[in-house]
Structures are given as structure tokens and as C-alpha cells.
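These notes concern the structure reproduced below.
The values are calculated or read from the model by the stated rules, or taken from the named source; none is laboratory data. None of the values given here were measured: they were computed from a predicted structure. Note that we place each Cβ from the backbone using ideal geometry, even for glycine, and neighbour counts take in every protein chain shown. For the accessible areas, the whole protein counts, side chains as well, though only heavy atoms, and no ligand, DNA or RNA atoms are used. Shrake-Rupley method; radii C 1.70, N 1.55, O 1.52, S 1.80 Å.
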Amino acid sequence: MSKLKQALESGRFVVTGEIGPPKGVDLDKCLQDAQMLREHVTAINVTDLQSAVLRIGSLAVSARLIERGLEPVYQLTCRDRNRLALQSDLLSAWSLGIENVLCITGDHPILGDHSEAKPVYDLDSVQLLKAASTLNQGHDMAGHELESAPSFFLGAVVTPAAEPLEPQIIKMKKKIEAGAKFFQTQAIYEPEKFEQFMSRIQGYKVPVIAGIVILKSAAMAKFMNANVAGISVPESIIREMEETAKEDRRKKAVELAARIIRQVEPFCQGVHIMPLGWDELVPEIISEVGVIP
Amino acid sequence: MHATIQKPIDEILGYLKPDERVFVVGCGNCAAKCHSGGEPETQEMAERLKRKGIKVAGWSCTDSGVSLCKLSIVKKMLNEEHKKESEQADSFLILACGQGIHTVMDATDGGMVHPGCDTIFGGETVNDDFITEYCSLCGECIVEYTGGLCPVTLCAKGLLNGPCGGAKDGKCEVDRNRDCGWQLIYDRLIALGRLDEMEKYKMPKNNSKWSRPRSLAIGEGEATFKSLSGERKVASHA
């Protein structure tokens, strides 16, 4: 049974990590990154053609994690597959030992490196969750019986700092009704806002794992503020980063991430750390916070 | 309205073989409104081709407000009014949408056709110089539940159950100058006091209704829509 599911159901505070599959066939670096997370996280998200850039698939990389005794959260986007392919990939995933699936919309192809690709979105994320739940119940989404059924632990995403927030909350509720059993969020930099979000969704009774993106520099913060939806790094953090000498930035990054984790910890069921290349900092962050996975 | 834009002249010239005699056809309705194939543009195209050394058999455009995509009209125009030039032509260059191109092919008994325009979308003529797309012709209208605004068309991903996480300040991730379709729907549902519609689950689309080519047969008191979803007979209310 999924360790992530067990941990969340037991009410334990969980830590999840993330790896991005490479553009190519050599998985050494990516598997080393995963290895580095082994002792510190319950499960590792494997992104699905993140930023709509062609890479090796999340299915293959998730399977390679399982071979190494690591638990993946298989990310599956609606961008590139129609309902046949999505359901088939889900069945394939189960046959490879994958239990946790994060159902997401996916960045539009225009943002990636194949901007002329046909955007599929045959299903949206709510419909994908419903389709996956239906597979769990032994049927495909057209109502036909499966010879044998999977038992996925299904997750979804939400953006707590979205403006306006209400459409996100409406969609979150639909995702829960469609079968989402846990949520991972967009990066949190404003714990107070996150607390407000959590109090609004208190009645939903679903575990929320707060997203933590390791901040590498003030420039990165400014870039995200200008370009990334649902991320807003406050001026005070940007200033703190600016006042940090270059050689101390890694230390500062650890301190910042640990501080945010401590601030959000009382309101949520875990944190999802997205290292974006600084994977070696994750153990330090975890030990600084003192969270035991 | 089928919006069209003229292809670059060099692309059109590339279609024509040496010594090919071409007849230029325009549309007095949509292409005229888009200034891509109305009477002045059709005449102008004929002149430009001549200047480039192309043999032009003649040119013609349907009357103002009259669509090229009606077979009887094009038959009359090419087989009666311009019979001689039409017969002399080796091919037809059509300054209209793809429906117009096929109509000319039908009217000329399978004549050789060249597209002079790219058909870009079906849209609303907001005013004389602005046309924009509000409908994707999907065969299954759902705007009752979205305040009259189509998410299939206005959302870059065609999402049916609410916005993705990509909108920033109400603008879409594909272009920060473009409104997020779901922001527009959300604002409109609030204004209408119908936000409860957004909370309801929307089923995936039946893409077989969107399968091409589709047809509509209009009979006495009844019309029949054919697509891969099957035949759908509907009563017409005269």
C-alpha cells in the first residue's frame, strides 16, 4: 500500500520531494537526485514534461524509482493524451507498481519547446480524476468493466495564492468530489495567506501538502513574481536575498525554506519540496526543520 | 462569419504553373468584410497576377452580402454570367474561405482550385474592423452553464470545469495580454447571480459530434444532422 496514503491517513506530517526527468535517456543524474531524497521524504513527485518541454516520460522514471525502492507520485497531465491514452497510461502505471497519481492540467504547449504541438486537453483535471476514480472502481470512463482494477491514491493541485481565490476553491471542491484524496500546492511564500486559504477549505477535510520552492536568488523571486501564476514572493524575502552575499545564498535558501516550512506546519499535513536543481539542500532543510518523514 | 486572410502573393504565384490560365473568384460576404476577397480585392488580385506575367482568364465576385458558399449562386456566376472566361480557365484562385473553395470546385464540375486565403476562424463581427472568435463549432453548446461565454473557445485549453493554475491577474498563461476565459466566465456568472453553475461537474465533451466532415440535411419540417455521433433528426419550426 502507498506509504504516502498511509502517512496521510495516520495524520503524520509528510514531506514529499520532486525530480524532473531529463531531456535524453541517461537517468543517472535524476536517479541520484532521487537517491539523495531517500531518507528524507515519503514520496517523490515525477514531473510530466514539465513546462511543456519534451523529456523522457514520468511513467518510465516513476517505474525506475520503484525498482530502487523509492515511492513515486506519478504526475499525469491532460495536455498530451486523449482519454484513451490517459486511461491506458494509468493502467500501465499500476502494472509498474505506481500507486500515487497527481492529476493535473499541464502547461500549454505554446510555453514549451514544441510550440506547434496540438494541445489535447480531451479531459480536464477534474474529469481525469473522475476517470481514474472510475478505473479504481473497476470500470473505464465509458462504463465498460475492467478485467481487473487498480487502486490508485489520487492527488490534485491547488493554487492558494491565486487572485481571485474563489474559482480555485470551487475547482478544488470539484476535484475532491471527483476523487482527489490529497492536494499539493503551488509554492508558498506568504504563510499568512496560506493560513487564510486553509481556514477557508477547513470543511473539505482533505490533506493539503504545501509547496516549497527553494529560492535561489532575488532574481529568481522577481522572475517568478512577474511570470509564474499563483506565486508571490514578498518584498521582505526579496530584500533578504539581495542582502545575502553570493557565497551565503545556499545557506540563506535553506534558512528561508526551513522558516516557511515551520510557519505552515501548523496548518497543513505536509510539505512538498521542489528543489529545482538544488536537490542536495533538501536534507539540510529537513534537518533544520526537524521533520521526520 | 468565416474570417479569412489573404495568402502572401509569392505563395499564390508558387501554385501556378507556367502558362496556366487562372480565373479569380471572390466572395461578397465574409471575405468582403475581411477585405481579403471582396470585389475590390478580387479585381486587385487579377491585376497583380497580370503584372506578374500570369495569364488571367477573368475575375468575378458574388454580389455584396451574398456568400460564395452557395452552390446555385456560384453556378450561375461561373457557368452563365462568366461562362466564356470560366471555360477558358485552367484553374480558379479563390479569395474566400475553404467552403467557398469547395463550392467553386462543385460549380465547375471538379475544376482545378487554388486557395488564395487562409481560413482562420468563425467569429463575431464586433464592428467593421474587428472580428473575434466566440464559438468553436463543437456541435454541443454548453454556454447555458457558463453565462453565455464558451470555455471551449475562450479558455486556451478548452477546460470545462474551471480555470487552470496558469492565470495571473486574470490573464492567460499563453499570453499575458489575453483574458483568462474562466476569469471572464467567473465574473459574468457573479454578475448574473449564477455562480452555482460553476460548482457543477461538467462531463467531458462528446468529440464524435465534433468529427469532420459533418452535414445538415434540411427537409420539410425536419432537419438531419450527421456526424460520427450518428444521425440526429430535429424538428424545424417554420
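Data table
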{"read-out": "Accessible surface of A:Glu39 - all protein chains present, 1.4 Å probe, nearest 10 Å²", "value": "130"}
{"read-out": "Magnitude of the charge dipole, the protein assembly as shown, Cβ model with Lys/Arg +1 and Asp/Glu -1, debye to 20", "value": "480"}
{"read-out": "Test item: B:165-176 mean partner chain Cβ contacts at 10 Å", "value": "6"}
{"read-out": "Accessible-area value, B:Glu47, 1.4 Å probe, nucleic acids and ligands omitted, Å²", "value": "70"}
{"read-out": "Net charge over other residues, Cβ less than 15 angstrom from the Cβ of B:Ala3 (K, R count +1; D, E count -1)", "value": "-4"}
{"read-out": "Region B:140-199 - convex hull of the alpha-carbon atoms, volume per residue in Å³", "value": "75"}
{"read-out": "Alpha-carbon radius of gyration plus Dmax, which is the widest Cα pair, for region B:1-102 in Å", "value": "12.5, 35"}
{"read-out": "Residue-count net charge about A:Lys3 - beta-carbon cut-off 13 Å; Lys, Arg +1, Asp, Glu -1", "value": "0"}
{"read-out": "Listed residues B:Tyr15, B:Tyr145 arranged by accessible area, highest first, probe 1.4 Å", "value": "B:Tyr145, B:Tyr15"}
{"read-out": "B:Trp210 accessible area, 1.4 Å probe, all protein chains in place, Å² to nearest 10", "value": "60"}
{"read-out": "Mean projection area, nm², convex hull over Cα of chain B", "value": "16.4"}
{"read-out": "Translational D in µm²/s for the protein assembly as shown (Stokes-Einstein at 4 °C, 1.567 mPa s, Kirkwood Rh from C-alpha pairs)", "value": "49"}
{"read-out": "Which listed pairs, of B:Lys33/B:Lys75; A:Lys3/B:Lys171; A:Lys118/B:Lys75; A:Lys5/A:Lys171; A:Lys174/B:Lys209, have C-alpha distances above 31 Å, in listed order", "value": "A:Lys3/B:Lys171; A:Lys118/B:Lys75"}
{"read-out": "Overall Cα dimensions of chain A - principal axes, largest extent first, Å", "value": "60, 45, 42"}
{"read-out": "Solvent exposure, largest accessible area first (probe 1.4 Å, DNA, RNA and ligands not counted), of A:Arg79, B:Arg194", "value": "B:Arg194, A:Arg79"}
{"read-out": "Relative packing of A:172-180, A:279-287, which averages over residues the other C-beta atoms within 10 Å, highest first", "value": "A:172-180, A:279-287"}
{"read-out": "Computed helical MRE - 222 nm, the protein assembly as shown, DSSP H runs ≥ 4 contributing -39500 (n - 2.57), nearest 500", "value": "-9500 deg cm²/dmol"}
{"read-out": "Relative contact order for chain B, counting Cα pairs under 8 Å that sit 6 or more residues apart, in percent", "value": "15"}
{"read-out": "B:Ile120 long-range amide H proximity, modeled H, under 5 Å", "value": "B:Ala3, B:Thr4, B:Ile5"}
{"read-out": "By accessible area with a 1.4 Å probe, ligands and nucleic acids excluded, highest first: order of B:Asp196, A:Asp28", "value": "A:Asp28, B:Asp196"}
{"read-out": "Residue of B:Glu39, B:Glu85, B:Glu144 that the Gaussian network model of chain B assigns the largest fluctuation, springs spanning Cα pairs under 10 Å", "value": "B:Glu144"}
{"read-out": "Residue-count net charge about A:Trp94 - beta-carbon cut-off 15 Å; Lys, Arg +1, Asp, Glu -1", "value": "-4"}
{"read-out": "Derived scalar couplings ³J(HN,Hα) [region A:242-250; Karplus, 6.51 cos²θ - 1.76 cosθ + 1.60; whole Hz; x for Gly, Pro]", "value": "5, 7, 8, 5, 3, 6, 9, 5, 4"}
